[in-house]
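The values are calculated or read from the model by the stated rules, or taken from the named source; none is laboratory data. On a predicted model such as this, the values are computed, not experimentally measured, just so you know. Neighbour counts run over all protein chains shown; Cβ positions are idealised from the backbone, glycine included. Side chains included, ligands, DNA and RNA excluded: accessible areas come from the protein's heavy atoms. Shrake-Rupley method; radii C 1.70, N 1.55, O 1.52, S 1.80 Å.
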Amino acid sequence: MNSLEALERMKLFSWLPFFKNKQKNLPWWVVIRTAKPRCTYYFGPFDTPQEAKLNQGGYVEDLMGEGADGITIEIQQCQPEVLTIEEEDE
């Protein structure tokens, strides 16, 4: 491979570090899914996963107070477009 081909190959993958750096800058969210009602809730944003974890209890408590059932919790680094997603029952 000559130097021109090597340069072209490097250009092809030049966006990879940019993508990785952008991912690192995304905020952290508490993602709570409930079976009843079938919903996904995003709570945040938080600067660190530890901060998100510290705050998750209040969100769970609120959802339980509203009668939600089948609660699962996940801490995710993302940028949700919608904070509440209601799913249709099957």
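The set of residues from the range 71-90 being under 15 Å from Gln56 (Cβ atoms) and either surrounded by fewer than 10 Cβ atoms within 10 Å (Cβ to Cβ) or among the hydroxyl-bearing types (Ser, Thr, Tyr) (or both) comprises just one member, Thr72. Say we look at the range 43-63 and pick out the residues that are assigned to a strand (DSSP E or B) and either hydrophobic (A, V, I, L, M, F, W, C) or open to solvent by 40 Å² or more (accessible area, probe 1.4 Å) (or both); which of these is farthest from Glu81 (Cα to Cα)? Step by step, filter the range 43-63, then rank; the result is Phe46. Listed conditions (1) at pLDDT 95 or above; (2) in contact with a Cys (Cβ under 8 Å, 6 or more places away or on another chain) are all met by Phe46, apart from (2). Filtered by the rule that a residue be in contact with a Pro (Cβ under 8 Å, 6 or more places away or on another chain) and among the hydrophobic types (A, V, I, L, M, F, W, C), the range 58-77 gives Ala68, Ile75.
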